[in-house]
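What follows is a single structure, written as structure tokens, with notes after it.
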Amino acid sequence: MPEFRELLDGYHRFRRTDYYRHRGRWEELQGGQHPPIMIISCCDSRVDPATVFDLSPGQAFVLRNVANIVPPYDGEAGLAGVRSAIEFGVTGLGVRHIVVMGHGSCGGIAASLKGGDQGLEGHSYLDDWIALLDEPRSRVIDDDSIEDKQTGLEYEAVRQSIVNLRGFPYIAEREAAGKIKLHGCHFAIGKGQLYVLDEESGAFRPD
Ligand SMILES: [Zn+2]
């Protein structure tokens, strides 16, 4: 299984090239991070925000999960990895933008469309997680004007995550005060095309 060796080879390439060229920047970054942007995207190996947005280290605080879902704010105590990362990004780092990036051929979205019961038999954390898409899935399935249900739900899940972000009281306050902006987008893998959500019309348009 050579994969881990390939990973370490990649690390050595990075040390010799990008790290070496920008070592002053890495030394500066050691002092702290001040990213202006938070990006919430899928775990999918094909849609790394650092690649799609050509990011430099320190530029974006990135949170990835299955199907780029933001669960609703519930004000309850609990082990909530996504909500704690959002809390730190917004109240700790003071990011000025949150970008939710969906993508084409998303397996999490496909699992939801198949009925959501796609994980391990018995209890599946994955099934519980994908169940967060049940409402957007119903809207897409019931909407006869949406022919491509996969892309339709990829879009609708991004819209729903933005709605859910607005349910976090500290995000709503900052948005009302003009201190933070929320954005949705969708990356079509094969074409390498990014579509950006126009919130007024609800449409995703190529940028
Ligand atoms: Zn995905």
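Rolling a 1.4 Å probe over the protein heavy atoms gives the chain an accessible area of 59 Å² per residue.
Annotation: aspartates and glutamates with alpha-carbon distance below 13 angstrom to Lys114 (same-chain offsets under eight excluded): Asp127, Asp134. Backbone amide hydrogens, once placed in the peptide plane, bring Phe61 within less than 5 Å of Ile37, Met38, Ile39, excluding anything fewer than 5 places away on its chain. Its relative contact order, with pairs defined as Cα atoms under 8 Å and 6+ residues apart, puts the range 33-206 at 24 percent.
In whole angstrom, how far apart do the alpha carbon centroids of the range 164-184 and the range 1-57 sit? For the range 164-184 versus the range 1-57, the Cα centre distance is 28 Å. When the Kirkwood radius is taken over all Cα pairs of the chain, what Stokes-Einstein diffusion coefficient follows at 37 °C and 0.692 mPa s, in µm²/s? My calculation gives 177 µm²/s for D. Contact order for the range 3-91, expressed relative to its length and based on alpha carbon pairs under 8 Å spaced 6+ residues apart, stands at 24 percent.
How about the range 1-91: which GluC sites (Glu not before Pro) there lie in a loop by DSSP and see at most 10 other Cβ atoms within 10 Å? Sites meeting the loop and neighbour criteria: Glu76. Using θ = phi - 60° in the Karplus curve 6.51 cos²θ - 1.76 cosθ + 1.60, the 3J(HN,Hα) couplings for the range 29-40 round to 5, 4, x, x, 10, 9, x, x, 10, 10, 10, 10 Hz; x is entered for Gly and Pro.
Dipole of the range 33-162 computed with +1 at Lys/Arg Cβ and -1 at Asp/Glu Cβ about the Cα centre; of Ile109, Gly94, Gly81, farthest Cα towards the positive end is Gly94.
If one takes the longest principal axis of the Cα atoms in the chain, at what angle in degrees, from 0 to 90 and to the nearest 10, does the Cα axis of helix 149-165 lie? Helix 149-165 and the main axis of the chain meet at about 70 degrees.
By definition, a body whose alpha carbon gyration tensor gives a ≥ b ≥ c is oblate when a/c is 1.5 or more and a/b is not larger than b/c, and the range 1-53 fits this oblate description. May I ask you to evaluate 6.51 cos²θ - 1.76 cosθ + 1.60, the Karplus curve with θ = phi - 60°, for each residue of the range 71-81 and list the ³J(HN,Hα) values in order in whole Hz, giving x for glycine and proline? Karplus values, whole Hz, x for Gly and Pro: x, x, 5, 10, x, 9, 6, x, 8, 10, x. Highest GNM mean-square fluctuation among Arg23, Arg96, Arg159, for the chain modelled with Cα contacts below 10 Å: Arg23. Computing Rg and the Kirkwood Rh from the Cα coordinates of the range 1-114 gives a ratio, Rg/Rh, of 1.02.
Over the chain, dividing the summed -39,500 (n - 2.57) contributions of all DSSP H runs of at least 4 residues by the number of residues returns a 222 nm mean residue ellipticity of -10500 deg cm²/dmol.
Pairs of Cα atoms nearer than 8 Å and 6+ residues apart set the relative contact order; for the range 22-71 it is 44 percent. Note on the range 71-159: Rg/Rh from C-alpha atoms, Kirkwood Rh, equals 1.02.
Treating each Cα of the range 33-90 as one equal point scatterer and applying the Debye formula with no solvent, the log10 of I(q)/I(0) at q = 0.12, 0.22, 0.26, 0.27 Å⁻¹ comes out as -0.31, -0.91, -1.13, -1.18. Would you please classify the overall shape of the range 122-180 from the alpha carbon gyration tensor, given that a ≥ b ≥ c denote the square roots of the eigenvalues, rounded means a/c under 1.5, and beyond that prolate means a/b larger than b/c while oblate covers the rest? Oblate. Phi-derived couplings, Karplus 6.51 cos²θ - 1.76 cosθ + 1.60 at θ = phi - 60°, listed residue by residue for the range 103-115: 7, x, 6, 6, x, x, 5, 4, 5, 4, 5, 6, x Hz, with x used for Gly and Pro. Tell me the net charge near Ile130. Cut-off is 11 Å between Cβ atoms, Ile130 excluded, with +1 for each Lys or Arg and -1 for each Asp or Glu. Once all neighbours under 11 Å are counted, the net charge is -2.
The values are calculated or read from the model by the stated rules, or taken from the named source; none is laboratory data. The shown structure was predicted, so the numbers you read here are calculated from the model rather than taken from an experiment. With ideal geometry, Cβ positions are generated from the backbone for all residues, glycine too; neighbour counts draw on all protein chains shown. Note: accessible area is taken over every heavy atom of the protein model, side chains too, but ligands, DNA and RNA are not part of it. Shrake-Rupley method; radii C 1.70, N 1.55, O 1.52, S 1.80 Å.
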